[in-house]
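What follows is one structure encoded as structure tokens, with my remarks underneath.
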Amino acid sequence: MKKIALNLFISLILSGCVGSSSSGRVSSLFFSVEDDQKLGLQVQEEIESNPSEYPLLPESKYPKSYEYIRDMTRNIVNSGNVAYKDDFAWVVKIIQDDNTLNAFCTPGGYIYVYTGLIKYLNSADDLAGVMGHEIAHADRRHSIKQLEKQYGISLLLSIALGESASQTAQIAAQIAGKGTILAFSRGAESEADEYSVRYLSGTSYACNGAATFFEKLTEEGKSGGIPTFMSTHPSPDNRVDDINKFAKSIQCATKPIQESGMTYAQFKASLP
């Protein structure tokens, strides 16, 4: 009987642990939504305890900067297309590092954006596209798929059953220590691109904002050194085409946002 149960368990693993429901919420054989929340909180704690690697911009000194990027985050999360809008934290922090073109989002919705990326981009639509992409990785629970592949069945099962807090903390430390979330598959990157368009279609931002980032990289000849947070699979040119084709297929607005209040140029100027 035990052997039958074990074989059934293994077959479930091999058939895939993560799936989607008709509501758009992503289910996992091992991880509950609460596990995403706990792991994300632990990653946040690891990041905040390591200021030398993650010099977080203090909100007390830059309240206007945080107000701008939080408004953007709220607009995207409240677009009507984010499945875990009310479940995940959706906290955004700015990392002061002008030499890094990067952004990442942990399980549970903790978003980190580097000043280097903010200053590199030209418009609010560009940043919103990248933010939508990162929010999608958390909302589509891509990290869970990667964790299931990377850390093995027994470890994941012990974490899911709440039997190993120290192992969970170790995984959180490794995620934070990489400076980005786990490397995603080509399929996950493409899905995050698509969902960025979906999310932004419910906002006033140009829904294909993510495409302009790749266009700029290509134009400036930096496509060979694309940041880790956006894999080179597929290529930048293909991603621009796919994003624009999907935007056209759902007939969402691609005109640049008409900003009121603080402009993107003023946002960049507000940073150190």
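Only the coordinates and a few stated rules stand behind these numbers; no lab work does. Worth saying up front: this structure is predicted, and the values here are computed from it rather than measured. Glycine also receives a Cβ, built like all others from the backbone with ideal geometry; neighbour counts cover every protein chain displayed.
Summary table
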| read-out | value |
| --- | --- |
| Rounded FRET efficiency, nearest 0.05, which uses the C-beta distance separating K255 from K61 and R0 of 25 Å | 0.10 |
| Under-5 Å amide H pairs with L56, H placed in peptide plane, nonlocal only | Q96 |
| Cut-off under 5 Å, modelled amide H: who pairs with V92 long-range | I111 |
| Subset of K61/K119; K93/K245; K93/K248; K216/K245; K216/K268; K61/K255 violating a 25 Å alpha-carbon distance limit | K93/K245; K93/K248; K61/K255 |
| Radius, Kirkwood style, for segment 38-112 when every pair of distinct Cα atoms is counted (Å) | 13.3 Å |
| Which of F104, F30 has the fewest Cβ neighbours within 10 Å, and the rest in rising order | F30, F104 |
